[in-house]
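To start, the structure itself, in C-alpha cells.
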Amino acid sequence: MLRQIAWQLPQFSETRLAEWGCSQRELTLLLGVFGHAGAQRGSAAGGVGFDEIPPHQRSLWAALFRGVLVSLSPRELFLRTGYALDELEAAIESWTGG
C-alpha cells in the first residue's frame with residue numbers, strides 16, 4: 001500500500017512538496033533509494049523496501065504520505081491506488097508506529 005501512495009508523489013508540484021518538507025530533488029533521491037524513481041523516470045533499479053527505511057527518515061515519508069491522503073479525495077485515492085482511505089491511513093499508522 002505504501003508503494004501505491006509513493007507512486008503519487010511525483011504528480012505533485014515542487015511547491016506542494018516543499019510544504020510537506022521535501023524538495024523535488026530530495027523526493028527523487030528518496031524514491032530512488034528503494035528502486036522507485038517515479039513513473040516518468042522509468043528506473044528499474046532494485047532497492048530497499050519501506051521496512052528497511054531508517055526510522056529517522058520515516059517521519060519525512062509519513063508527512064509525504066499524509067500529504068497525498070489529504071490532497072486527494074477518497075474516491076481519487078481509490079482510483080489511483082486501489083485502496084480505501086481508511087486502509088491507507090491504517091498502513092501509514094502501522095508503518096510509523098502510531
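Gln40: modelled with pLDDT of 80 or more, more than 25 Å from Gly97 (Cα to Cα) and surrounded by fewer than 16 Cβ atoms within 10 Å (Cβ to Cβ), yes or no? When the stated conditions are applied, Gln40 does not pass them. Pairs linking a residue in segment 80-98 that is hydroxyl-bearing (Ser, Thr, Tyr) to a residue that is surrounded by 13 or more Cβ atoms within 10 Å (Cβ to Cβ) and part of a helix (DSSP H, G or I), with Cβ atoms under 7 Å and 6 or more positions apart or on different chains, are Thr81/Gln4; Thr81/Ile5; Thr81/Leu88; Tyr83/Gln4; Thr96/Arg58; Thr96/Ala62. Criterion first (within 12 Å of the chain's Cα centre (by Cα), surrounded by 12 or more Cβ atoms within 10 Å (Cβ to Cβ) and either at pLDDT 90 or above or of a type outside the set (Lys, Arg) (or both)) does Val68 satisfy it? Yes: the conditions hold for Val68.
Filter segment 6-35 down to residues that are touching a Phe, Trp or Tyr at 6+ places or on another chain (Cβ under 8 Å) and assigned to a helix (DSSP H, G or I) and give me whichever is modelled with the lowest pLDDT. The extreme case among them is Leu30.
Cβ-Cβ contacts under 6 Å between residues 6 or more apart (or on different chains), taken from a first residue in segment 49-78 that is free of Cβ contacts under 8 Å to residues at least 24 places away in the same chain to a second residue that is open to solvent by 40 Å² or more (accessible area, probe 1.4 Å) and of a type outside the set (Ser, Thr, Tyr), are listed as Pro74/Leu85; Leu77/Leu85.
The values are calculated or read from the model by the stated rules, or taken from the named source; none is laboratory data. No experiment lies behind these values; they were computed from the predicted model shown. Cβ sites come from the backbone with ideal geometry, for glycine too, and all protein chains shown count toward neighbours. Surface accessibility is based on the protein's heavy atoms, side chains included, excluding ligands, DNA and RNA. Shrake-Rupley method; radii C 1.70, N 1.55, O 1.52, S 1.80 Å.
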